[in-house]
């Protein structure tokens, strides 16, 4: 697998990043900060996505069309599934877990054992191998996840505000028992949201206690934004800050390639999935209670 850290706050999730959760700065359809990045004309993206969508649907795979960063219906998402794992022809690996889904060591091994067609593409949905259909639909349509997402660079205003929010949270964490938590910096890849990194060794109780004194979302700001948007359908108030973006370090990245690293990676991914659930639980409960 190519990733070295699971990010909670990727602006546009690539297939190369295992998508174990939604971004913690999920603003439920709020617009982006600042001016959007320059849009590259891609008139065929929607047609390609529609061909890919139709092909998968005809094969009995539940999918839907979604908008990319430029508002084009160019992204195909797998839906009505608890666990989806895929490997693209270029070797990127991704997964989506929802509902009662869970990536166990056995399910990961089953997925890894899929050789796929000659191009190496593989797709497993709730334990069922759809690799043949997946490879055929990719070849027929020319669909590519990275291209479909469009221009994914964050604008400078968004990066600056995210770093400010992250560093406020990081300072709180340092003041409350986690002195080694470092401030956030702008990543070289402008498609990735700046993040605050916690150690994967943090226990459930420690994370709950930290979130109690350093919340990772602000209900008052959510309500203020809802009021503000009644008169301002686009944009954000000048003083708006996104929720902090929190991720976890992955110790397996320092291990050499081989069975030991694979086993450690699987264990770490399961652990991160659980910690991500804790990070998201209070915010998800809030939205459910308020019908959002």
Counting only residues that are modelled with pLDDT of 75 or more, assigned to a loop (DSSP other than H, G, I, E, B) and exposed (fewer than 13 other Cβ atoms within 10 Å of the Cβ), how many does segment 222-281 have?
6
Any residue that is under 26 Å from residue 269 (Cα atoms), assigned to a loop (DSSP other than H, G, I, E, B) and either in contact (Cβ under 8 Å) with a residue 24 or more places away in the chain or over 19 Å from the mean Cα position of the chain (by Cα) (or both) - is there at least one of those in segment 129-136?
yes
Looking at segment 163-174, is at least one residue over 21 Å from the mean Cα position of the chain (by Cα), more than 30 Å from residue 212 (Cα to Cα) and surrounded by fewer than 19 Cβ atoms within 10 Å (Cβ to Cβ)?
no
Can residue 120 be described as surrounded by 14 or more Cβ atoms within 10 Å (Cβ to Cβ) and either assigned to a loop (DSSP other than H, G, I, E, B) or outside the structural domain of residue 272 (by TED's automatic domain parsing) (or both)?
yes
Given the structure, is residue 100 surrounded by 14 or more Cβ atoms within 10 Å (Cβ to Cβ) and either assigned by TED's automatic domain parsing to the domain that holds residue 50 or not in a strand (DSSP E or B) (or both)?
no
Of the residues that make up segment 183-191, is at least one surrounded by 17 or more Cβ atoms within 10 Å (Cβ to Cβ) and either free of Cβ contacts under 8 Å to residues at least 12 places away in the same chain or within 25 Å of residue 67 (Cβ to Cβ) (or both)?
yes
Scan segment 188-195 and give yes if some residue there is in a helix (DSSP H, G or I), in the same structural domain as residue 209 (by TED's automatic domain parsing) and more than 30 Å from residue 205 (Cβ to Cβ), otherwise no.
no
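The values are calculated or read from the model by the stated rules, or taken from the named source; none is laboratory data. What you see is a predicted model; the values in this text were computed from it and never measured. Every residue, glycine among them, receives a Cβ derived from its backbone with ideal geometry; neighbour counts consider all protein chains shown.
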